[in-house]
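Single-structure report; data block below.
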């Protein structure tokens, strides 16, 4: 159906009655004006009006009495208008040219090319969409190939203002074993990626198509200082998994694991450098007084932590301990000595020792402890013999007895001397 053409009527500037009038004067440069009434005009923009010999296009304010206008349209000239000037709603050839053409079915869409009258576009069936191809809209299914892709790659969807990846902030979806959503870092080659890398699901950064450097991964809203993974809140980095794999607070000695209301249950760790732990008050599950001893390792605190000790006082160790009171051996307990070098009781002659509740004395000494010389000429035997024969003493037998006694005395002296019970001289 052909579109009918219209021309302006030559007498429109002087009709018999006005649609409304201006409220106040209008200069040639004004882009808004006020009318006395808008009841006879369209309630929504845009529409055309005539004031004196000027055509104006109302672009905003429809339904009110204050309109925004485009001045001097369709080759007319913007001019000043007095208050009370007549205002008309008009149809012009230009307005009719830009109005919809004939539509033949529900869902049809009109469109305008760069020139000429509107053209009918059949919207098509369910599941089809408007697509733009070769400068003309068409109705068909929307295809992934309608979006820019990287030729010869597995890229399925590619949004980019530039001609190649990385020329501007790009976004892609890549299929295959490493299916990922990737976002370019401006013109830098590295990309942020969310998706699969082999059998690992990755949220982080990877080198781009030209081998960029992997950057920080920030879980939160704050930038980090060194490469790694950052956990951030309130636009502030809190924790960092650094490039060597250590979980560290972003600021030294600032953040805690858990708090008074959220206590960690089990922590399995090897402590090689832990400081600041309140041993005497910060550990639980220990025996009575053990934490106190760990905090202040005194003999008294050790004794309080032990449950099967005997005695009291200071703790003793293997090298030169000092016993301040009696050392009590339990009944049937033995003092067992070694069989190598041996054991000394007393290491100097001035040290005092006694047995069976006697007053301790230093090592006995004196001239009487000297060895006895046997000058009797007797022969020692294993026993003493009767020295009398018919009530007469036999000198040889007396001498023999003295020799036997002397051998025993010398043996006793030697034993006492060797064990340190006597000095053996003055």
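List of remarks:
- Checklist (1) in contact (Cβ under 8 Å) with a residue 24 or more places away in the chain; (2) closer than 30 Å to residue 348 by Cα; (3) not in a helix (DSSP H, G or I) applied to residue 380, failing item: (2)
Here's the yes/no breakdown for (1) surrounded by 13 or more Cβ atoms within 10 Å (Cβ to Cβ); (2) modelled with pLDDT under 90; (3) in a strand (DSSP E or B):
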site: 49; (1), (2), (3): yes, yes, yes
site: 56; (1), (2), (3): yes, no, yes
site: 72; (1), (2), (3): yes, no, no
site: 83; (1), (2), (3): no, no, no
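- On the stretch given as region 374-387, residues that are exposed (fewer than 11 other Cβ atoms within 10 Å of the Cβ) and at pLDDT 80 or above total 2.
- Residue count for region 255-275, restricted to those that are touching a strand residue (DSSP E or B) at 6+ places or on another chain (Cβ under 8 Å) and exposed (fewer than 10 other Cβ atoms within 10 Å of the Cβ): 0
- Cβ-Cβ distances below 7 Å connect the following pairs, each with a first residue in region 324-345 that is closer than 18 Å to residue 357 by Cα, a second residue that is assigned to a loop (DSSP other than H, G, I, E, B) and at pLDDT 85 or above, and a separation of six or more residues or different chains: 329/335.
The values are calculated or read from the model by the stated rules, or taken from the named source; none is laboratory data. What you see is a predicted model; the values in this text were computed from it and never measured. Here Cβ is always computed from backbone atoms with ideal geometry, including for glycine, and neighbour counts include all displayed protein chains.
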